[in-house]
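The values are calculated or read from the model by the stated rules, or taken from the named source; none is laboratory data. These numbers come from a predicted model, not from an experiment. Using ideal geometry, Cβ is built from the backbone for each residue, glycine included, and neighbour counts are taken over all protein chains shown. Heads up: the accessible areas ignore ligands, DNA and RNA and are worked out on the full protein's heavy atoms, side chains in. Shrake-Rupley method; radii C 1.70, N 1.55, O 1.52, S 1.80 Å.
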Amino acid sequence: MNYNQIAEKLDDASYSAQAIEQISKNRELNLDEAYAVQSISLGRRYVRGEKLVGLKLGFTSKAKMEQMGVHDMIWGRLTDRMHYENGGELNSNKFIHPRAEPEIAFRIAKDIDQIITLDNAAEYVDGLAVAIEVIDSRYQNFKFSLEDVVADNCSSAGFVVGAWYPAETNIRNIDMVLKFDGEVVQSGNSDAILGDPWESFVAAARLARENGEQLKAGAIILAGAATPATYLQPGQKVSATAQGLGEVFFNVV
Ligand code: OOG
Ligand code: MG
């Protein structure tokens, strides 16, 4: 299989919500090749009219790396079709085996036109929010190598963002909780995310620049989950809170 064929296979799996065998079972991809496949598969979404709205980082916490058995940070692309309203419904038929994880979202204030460091990062952010990411690996049993998951756009499938708070709001060392029907299913602290979620923002800006993705005003960055992810079931109310950032939720139907 060439890159186009792999991208098509992954995109079809996502579109039809049908799991496929891990690419690595039949074809070795290195990391650069896996990102090339991701980029081609996103191209198919753009052709269908989807718009790039931001980037997400993955495996920025030990909790996530250990849950999934991988060892490195990854990044993927978010489109408008993956965005769900706070308080809205998520149709489980559109997913294979969705999981939820609590996240912190950044909203970009102005086009990023220089190298971002911890010192200038806040200038480029006009909103911070608690978010829930819905991940849905296109691979059977939610199992993959690092290259598999990168080719699969890092399992990106959905995201819901809470109310935006000012960029000055503290997001360091805050408690983060994921609840199903009001019961805590995951809890952690934002310092699990690279020691400081702002480091994720800096990393996302660097990765975007290195990969020719322009981060424009209004774009959203997901910093990566602070806790492992949990499988969703129809009928659940899924909510997340982050200390000082309020709550975000959706209902699974
Ligand atoms: C890959 C996505 C990882 C995160 O926040 O660490 C991720 C996966 O676990 O399927 O989104
Ligand atoms: Mg995530």
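Restricted to region 73-84, and to residues that are away from ligand 1 (no atom under 11 Å from the Cβ) and not hydroxyl-bearing (Ser, Thr, Tyr), which residue is surrounded by the most Cβ atoms within 10 Å (Cβ to Cβ)? I'd like the intermediate steps shown before the answer.
Of the residues in region 73-84, the ones away from ligand 1 (no atom under 11 Å from the Cβ) are 77, 79-84.
Checking the rest, the ones that are also not hydroxyl-bearing (Ser, Thr, Tyr) come to 77, 80-83.
Working: 77: 23, 80: 12, 81: 15, 82: 21, 83: 16.
Only one residue tops the list, namely 77.
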Inset, instruction - State which residue pairs qualify: first residue farther than 14 Å from residue 151 by Cβ and inside region 54-79, second residue of a type in the set (S, T, N, Q) and part of a strand (DSSP E or B) in any location, beta carbons under 9 Å apart, and separation of 6 or more residues or different chains. - result: 54/79; 56/156; 63/186; 78/156; 79/156
Legend entry - Residues of region 223-247 classified as among the polar types (S, T, N, Q), assigned to a loop (DSSP other than H, G, I, E, B) and either in contact with a His (Cβ under 7 Å, 6 or more places away or on another chain) or open to solvent by 10 Å² or more (accessible area, probe 1.4 Å) (or both), total: 3
Legend entry - Lone unmet requirement of (1) more than 14 Å from ligand 1 (Cβ to nearest atom); (2) touching a helix residue (DSSP H, G or I) at 6+ places or on another chain (Cβ under 8 Å) for residue 87: (2)
Legend entry - Lone qualifier among 18, 5, 67 - being assigned to a loop (DSSP other than H, G, I, E, B) and open to solvent by 40 Å² or more (accessible area, probe 1.4 Å): 18
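Report yes if residue 88 is touching a Gly at 6+ places or on another chain (Cβ under 9 Å), modelled with pLDDT of 95 or more and under 22 Å from residue 218 (Cβ atoms), otherwise no.
So residue 88 fails the test.
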Legend entry - Within region 177-187, considering residues that are more than 8 Å from residue 238 (Cα to Cα) and touching an Asp or Glu at 6+ places or on another chain (Cβ under 8 Å), the one least open to solvent (accessible area, probe 1.4 Å): 186
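Quick check, is residue 220 within 14 Å of ligand 2 (Cβ to nearest atom), among the β-branched types (Val, Ile, Thr), at pLDDT 95 or above and open to solvent by 10 Å² or more (accessible area, probe 1.4 Å)? Even if it seems obvious, please write down each step before you answer.
Values: within 14 Å of ligand 2 (Cβ to nearest atom): yes; among the β-branched types (Val, Ile, Thr): yes; at pLDDT 95 or above: yes; open to solvent by 10 Å² or more (accessible area, probe 1.4 Å): yes.
For residue 220, the condition - within 14 Å of ligand 2 (Cβ to nearest atom), among the β-branched types (Val, Ile, Thr), at pLDDT 95 or above and open to solvent by 10 Å² or more (accessible area, probe 1.4 Å) - is met.
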Legend entry - Complete set of residues in region 112-137 that are assigned to a loop (DSSP other than H, G, I, E, B), within 21 Å of the chain's Cα centre (by Cα) and among the charged types (D, E, K, R): 136
